1. Looking at (1) in contact with a Phe, Trp or Tyr (Cβ under 9 Å, 6 or more places away or on another chain); (2) of a type in the set (D, E, K, R); (3) touching a residue at least 60 places away in the same chain (Cβ under 8 Å), which one does B:Arg225 not meet, given that it meets all the others?
2. What residue, among those in the stretch B:261-274 that are crowded, with 18+ Cβ neighbours inside 10 Å and not β-branched (Val, Ile, Thr), is farthest from A:Leu158 (Cα to Cα)?
3. If only one of A:Arg85, A:Arg124 is closer than 18 Å to A:Gly268 by Cβ and at pLDDT below 90, which one is it?
4. Take the stretch A:139-149 and flag every residue that is within 11 Å of another protein chain (Cβ to nearest Cβ) and without any contact (Cβ under 8 Å) to a residue 60 or more places away in the chain.
5. Could you grab me the full set of residues in the stretch B:74-101 that are buried (at least 21 other Cβ atoms within 10 Å of the Cβ) and assigned to a loop (DSSP other than H, G, I, E, B)?
6. Only one residue in B:Ala355, B:Ala440, B:Ala371 is in contact with a Lys or Arg (Cβ under 9 Å, 6 or more places away or on another chain) and within 14 Å of chain A (Cβ to nearest Cβ), so which one is that?
7. Residues of the stretch B:418-434 being crowded, with 19+ Cβ neighbours inside 10 Å and away from chain A (no Cβ under 12 Å), which ones?
8. Provide a single number: the residues in the stretch B:459-493 that are buried (at least 23 other Cβ atoms within 10 Å of the Cβ) and basic (Lys, Arg).
Amino acid sequence: MFTYILKRILYVIPIGLAVSLVCFSLVFLAPGDPLSAILPPDATTELIERLKADYGFDKPLPVQFGKWVLRAAQGDLGTSIATGRPVNSEIAKAISNTFMLAMFACGIGFSFGLVFGFVAGYVRNTWLDKVVTGIAVTGVSLPHYWLGMVMVIIFAVLLDWLPAMGAGAGGSDAWAWDWEHVRFLVLPAVTLSFIPMGIVTRTTRAVVAEILNQEFVQALRAKGMDSLGVFKHVVKNAAPTLLAVMGIQLGYLLGGSILVETVFSWPGTGFLLNTAIFQRDLPLLQGTILFLAMFFVVLNVLVDILQSIFDPRIRR
Amino acid sequence: MHHPVSRLAVLGLVAALTTPLALAQGTLRIGMTAADIPATTSQPDSGFEGNRFTGWTMFDALTMWDLSSAEKPSTVIPGLAESWAVDAKDKTKWIFKLRKGAKFHDGTDVNADAIVFNFEKVLKKDAPHYDARLVGQTLPRMPTLSGAKKIDDYTVEVASSEPDSFLPINLTNLFMASPTAWAKTKSWTEFAKAPVGSGPWKFVRLVPRERLEMERYAGYWNKARVPKAEKLVLMPMPEGNTRVNALLSGQVDWIEAPPSDTMAQLKSRGYQITSNPYPHTWPWQFSFVEGHPTANLKVRQAMNLAIDRDGIRRLLGFQALPAKGVVPPGHPWYGNPKFDIKYDPEQAKKLLAEAGYGPGKPLKVKVQISASGSGQMQPLAMNEFMQQNLKAVGVDVEFDVLVWETLFNNWRVGSKDPKSNGAHAINVSFATQDPFFAFARFYDSRMVAPRSVNWGWVQDPEMDKLVAGARGEFDAKKRDIAIGKLHERVVDQAAMLFVVHDTGPRALSSKVKGFVQSKNWFQDLSTAYIQ
């Protein structure tokens, strides 16, 4: 077990290096100037060259990469060109907002997804199964930014029940766990929960149906085990696959949704990335992508370890 | 959200009507198009929207814009400087007499030391408060500025690298921050967390990417511009529909640039739509490079006559003014051009025939455009409309569609550069409230790449003479006449394909009163209040 975990953790190093190289180089492939965040569009080439030297963008790319990786390895992701604020603190604030949103969305999406999936798996090919599958397919197929806009029109504009955008009347700095603030979470969280709900429903249905068809389930029933007992076995056998799927979905949500966060002006990582892209704020863009990518890698390692606990065969 | 027409509001109204001076009222909440709060370092980013919201609110400049009227063109007026004059013997030196009694929000005086400090932040490389980030936002807007020194406590001498009568207008872009506030942390990044200026609004609180809160500065030197509202809250909302929904659900009272397809709905629900043409021009800038068909005057004139500008206005929900030059007729710089820019396809065909083009030899033109971008309005739809107009008179237009940032890079490198891909015109809209921006950078032969954006390599000795004449004329009225002469030449030479001027639409809740939308990129938020 220990060797397995150690191996998984060691894999993170080469993956991390590769990810950082991709993060660093990708943003240079995009058009535009790295200094456009602080230069008006009609700045002269002379001034641009002067500022490039000031910011070190005149150095060869491998040199810039080397410096960046060394600093990143020490936990310093640099300073935003546009705001002059440290990238670390920008990400920390955004990730906490996205984390809050993702947890709510997962709570909603996974609970409904699991319930729907188990129900549909148990009652396959009945009308109930078709209804549940229909909901799941709709959830996966609807573009969520469109869904967000529709929900805003219904619940914020027409019914005036919930706010249309933002993270609290005083901004996320003044967040409190009361209804006055939590109501700002409802629409973006419900919007974001549709896709994980659909995916978890479909996966659960398929896995449960497959397990129920296996011989060991028939054997358990033949031995006289009651439904609850059988259900426990089904859950245990379905868990590794479901955990993997939910882990990936959680990863996606924690990465922040650029579209949904922009529609709701939710100050999370998606909104941060959107700003960084539009301002071509390279340090912020590279730092955020690297952080999110590494977060995804670490999350996957955790899921692998969890899976191996549930299903020891994976370790072999 | 609540829309309370409570007893309190009625009492407030009665009080306002019965007291000689209405008390400050309400919190004005504005949804901006920017994706972040523009920099609060005293030199905002995010283009002129930045200057509008984090520049002119908390800060002042030596010279300012008159934003008091919706009718007359907005001109430069005294700000922190009460008066200024060029040195009669050496026209590279200006004397600015400062206003006495103006104070920063921290109570310190706005005096010559403070003003020189602010010049040094972008000019003096060895000064501790010099900052490359501030330089980038400032110097491109005042290309000849070279120095400043204190003469006495309320007199400052400002120097330019060459005689330049545009300098006082350029200086509207240099905002004055409190040196005492900067000295507390000796860092502009820290200063930006609690900025201190001398403008009509005082900083209260900043939540990056979410909101900037300000309150009225009762001690503002210009009593006519002490804000009528108690508080001002700015929120970035880059997505057009998000802004509209925030307005409709009562989370903001005012939004910038509502999408044109939402105007009818907003009006029908009782929201005010304000607009006013401002110094913005949406053109195709022609290449004058030898061998390019657009180097021919008749071709340029023909293309100007081929465009149905009313059709484009319809496309934009009438939020545009047809262009007859860089500035509209009636503007002090309009002059008296002979070439009348209008829709006359028959005359366009005739001119093209005279230039040697016709059914047997169609004119082919390549234009670099963008699919989106700040100030570009609706570039794809507008350009396709023009493509059809031009096709009707026998001009085949091919588009080279680029990402906004790439288009800007190409703008800087000029039409001769391989990156411009042999384009004969480029579509970049621009601000025209400053003669350097409106004319000098496009038509002065020295302004070709890499110095500035004379993209088309205009090398016209007559225009050079007119630019130099306007720049060297230090009497404001005579300078306007000189710029008018330059404008005549620009229009008569059809130096650009002039299309429309934007009207800067805004949507306001019916509770917002007192706002006057001036003919400017900037607006005075002091007069607006909530009732």
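1. The one condition B:Arg225 does not meet is (1).
2. Taking the candidates together, the pick is B:Met263.
3. Unique residue meeting the criteria: A:Arg85.
4. The answer is A:Trp146, and nothing else.
5. Within the stretch B:74-101, B:Ser74, B:Gly79, B:Leu80 qualify.
6. Exactly one residue qualifies, and that residue is B:Ala440.
7. B:Ser420, B:Ala423, B:His424, B:Ala425, B:Ile426, B:Asn427, B:Thr432, B:Gln433
8. Counting residues in the stretch B:459-493 that are buried (at least 23 other Cβ atoms within 10 Å of the Cβ) and basic (Lys, Arg) gives 1.
The values are calculated or read from the model by the stated rules, or taken from the named source; none is laboratory data. Quick caveat, the model's predicted, so the values are computed rather than measured. Neighbour counts are summed over all protein chains in view; Cβ atoms, including those assigned to glycine, are modelled from backbone coordinates with ideal geometry.
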